[in-house]
Amino acid sequence: MAPDAFLSEIQGAGPIDLIRRQYRTVQKSARIELEEKKSRFIAACRPVGTEAEAQAFLSSERGAYPDASHHVYAWITGGVYSHQRYSDDGEPQGTAGMPVLDVLRYQELEQVAVVVTRYFGGTLLGTGGLSRAYGQAAVQAVEAARPVLMRLCREYQVTASYTDHERLSRAWLQAGWRCSGAVFGIDVDIKVQVPLESDDAFRQLCADLTGGAALIEPQRQVYLPLPPPDPPPARA
């Protein structure tokens, strides 16, 4: 997935103290398959922004395997006000949907959905066997979808001279801050995404490296997959 396609923008959010500074989700869609006593388990995992997206994902999986015995699912959506749903879809109560949901909870994942489709192979697995099979299928699907930490960032529009831009770009790269959309004219205009907790360090760094000449304009807030927090970069 292209990095720009993985931006998660805050819309209609409440006060900033009600917004998560970071959360874990998965980076891409993935599908795995395993077999247990001739029963075929097909587990699909993908990031979802809303419960409507999760429902659409479930419908898509049902459409892809219309003759399957069961379409078990679990998802966690809703951001600060989390919504959790699961279904055994005809399997014995507690043997299917809950083990899948437990995988998401254990890995502290949000904004993610998993659907495990089962084709019955003719041999009963028992309640313990079912729970293990569904749980293992979910684990493998989540692993294939690549869990990632999303951090709340502020996007800045920075205008600087060509000389200052080169100096700033090196410092931003060292700090792990992401840059995009550079426009080269009389000066250089570029967007920089900075974790909220690094706001002050970012502004100070830009001021120090350009003698206060860089124009810094705060823009939107977005969630981005960034490395864990590091100490502020050393000033040049």
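The values are calculated or read from the model by the stated rules, or taken from the named source; none is laboratory data. Nothing here was measured: the structure is a model prediction, and the numbers come from that model. Neighbour counts are summed over all protein chains in view; Cβ atoms, including those assigned to glycine, are modelled from backbone coordinates with ideal geometry.
Among the residues of region 117-140, are any assigned to a strand (DSSP E or B) and in contact with a helix residue (DSSP H, G or I) (Cβ under 7 Å, 6 or more places away or on another chain)?
Checked against the condition, which is being assigned to a strand (DSSP E or B) and in contact with a helix residue (DSSP H, G or I) (Cβ under 7 Å, 6 or more places away or on another chain), region 117-140 yields at least one hit.
Just give me the residues in region 101-117 being under 15 Å from Q136 (Cβ atoms) and without any contact (Cβ under 8 Å) to a residue 40 or more places away in the chain, in sequence order.
Within region 101-117, L101, D102, V103, L104, Y106 meet the criteria.
So which residues in region 176-204 are of a type in the set (A, V, I, L, M), under 32 Å from the mean Cα position of the chain (by Cα) and closer than 17 Å to Y162 by Cα?
Matches in region 176-204: A182, V183, V188, I190, V192.
R151 passes all but one of (1) in a helix (DSSP H, G or I); (2) surrounded by 18 or more Cβ atoms within 10 Å (Cβ to Cβ); (3) of a type in the set (D, E, K, R); (4) modelled with pLDDT under 90; which number fails?
(1)
Working only within region 123-166, note down all residues that are among the small types (G, A, S), in contact (Cβ under 8 Å) with a residue 60 or more places away in the chain and touching a Ser or Thr at 6+ places or on another chain (Cβ under 8 Å).
A133, A145, listed by residue number.
Within region 29-78, which residues are under 18 Å from E108 (Cα atoms) and free of Cβ contacts under 8 Å to residues at least 60 places away in the same chain?
T50, E51, A54, Y73, W75, I76, T77, G78
Looking for something touching a helix residue (DSSP H, G or I) at 6+ places or on another chain (Cβ under 6 Å), of a type in the set (A, V, I, L, M, F, W, C) and in a strand (DSSP E or B) - is there at least one such residue anywhere in region 75-92?
yes
Which is polar (S, T, N, Q), at pLDDT 90 or above and under 15 Å from T95 (Cα atoms), of Q136, Q157, Q140?
So the residue among Q136, Q157, Q140 that is polar (S, T, N, Q), at pLDDT 90 or above and under 15 Å from T95 (Cα atoms) is Q136.
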